[in-house]
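Before any comments, here is the structure.
The values are calculated or read from the model by the stated rules, or taken from the named source; none is laboratory data. These numbers were taken from a predicted model, which means no experiment stands behind them. Heads up, the Cβs are rebuilt from the backbone with ideal geometry, glycines too, and the neighbour counts pull from every protein chain shown.
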Amino acid sequence: MKTLEFIKNNNSKNDIEESVIVFGLDMLKTVIIEIIVAVMLAIFAGCFWRAMIFLVTLMPLRQYAGGYHTRSRISCAVMSTVIYALELLLLKYVNIWTMWQILGMFISAFIIILLAPVENRNNPLDTAAKMHFKNRTRMMLLIDMLIFTILMVAHRYDYSFVIFNSVELVAILCIMGYISNKIDERR
């Protein structure tokens, strides 16, 4: 509550509602906890750098591409943690033949380009926002594909697999979000 009071007292325009400040602080707390959990899981799994690369490539692409969202923050946190833990296991114990990585990367990129941005029922996008998110998604995807290609050429298949996994996960979440939106439309 001291933080809330500090923000309210130092808001010169006094135009921010208390509920907005509380929501923002709650989200900040959630993000900090998620980062701590992610780092601890990565250290525990023994693949810290691959996990960090996974998160750094996943988060911006996911932010702009959209995709499936659970109905509550608790279920989101649980689902995200489970998916992240499974990804860590994949990164640590699974090797995918390079041709499968390349094929999977192109299929995943095609799906993302086709579907993104996938809206969330709680945050519909107007036409300008859709175009902005679509352009940002394509830029993030282009960067990821460029890094993926460089890693492939450098024969760093362990790290190209990390990039592939992040793009593949976003594609899967886009498909799930698209299907979820279609189901919601029929209700």
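Residue by residue through the range 118-129, note down the ones that are under 29 Å from residue 162 (Cβ atoms) and either touching a Ser or Thr at 6+ places or on another chain (Cβ under 6 Å) or surrounded by fewer than 17 Cβ atoms within 10 Å (Cβ to Cβ) (or both).
So the first thing to find is which residues in the range 118-129 are under 29 Å from residue 162 (Cβ atoms), and the list is 118-120, 123.
Within the range 118-129, 120, 123 meet the criteria.
If a residue has to be touching a residue at least 40 places away in the same chain (Cβ under 8 Å), of a type outside the set (Lys, Arg) and out of contact with any Pro (no Cβ under 9 Å at 6 or more places or on another chain) to count, how many in the range 104-138 make the cut?
Residues flagged as touching a residue at least 40 places away in the same chain (Cβ under 8 Å), of a type outside the set (Lys, Arg) and out of contact with any Pro (no Cβ under 9 Å at 6 or more places or on another chain) within the range 104-138 amount to 14.
With respect to the numbered conditions (1) modelled with pLDDT under 90; (2) exposed (fewer than 13 other Cβ atoms within 10 Å of the Cβ), which one is the sole condition not fulfilled by residue 110?
So residue 110 meets the others, but not (1).
Restricting the search to the range 114-137, which residues are farther than 14 Å from residue 62 by Cβ and part of a helix (DSSP H, G or I)?
114, 127, 128, 129, 130, 131, 132, 134, 135
Please pick out the residue among 146, 88 that is surrounded by fewer than 16 Cβ atoms within 10 Å (Cβ to Cβ) and either free of Cβ contacts under 8 Å to residues at least 24 places away in the same chain or assigned to a helix (DSSP H, G or I) (or both). Don't jump to the end; show me each part of the working.
Working: 88 fails: surrounded by fewer than 16 Cβ atoms within 10 Å (Cβ to Cβ).
Step by step, each of 146, 88 is checked, and only 146 is surrounded by fewer than 16 Cβ atoms within 10 Å (Cβ to Cβ) and either free of Cβ contacts under 8 Å to residues at least 24 places away in the same chain or assigned to a helix (DSSP H, G or I) (or both).
So if I check each of 64, 68, which one is modelled with pLDDT under 90, within 15 Å of the chain's Cα centre (by Cα) and closer than 21 Å to residue 174 by Cβ?
68
Yes or no, residue by residue, for (1) modelled with pLDDT of 90 or more; (2) surrounded by 11 or more Cβ atoms within 10 Å (Cβ to Cβ):
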{"position": "10", "(1), (2)": "no, no"}
{"position": "25", "(1), (2)": "no, yes"}
{"position": "41", "(1), (2)": "yes, yes"}
{"position": "45", "(1), (2)": "yes, yes"}
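Please determine, by comparing only the residues of the range 13-66 that are in a loop (DSSP other than H, G, I, E, B) and of a type in the set (A, V, I, L, M, F, W, C), which one is farthest from residue 105 (Cα to Cα).
Result: 16.
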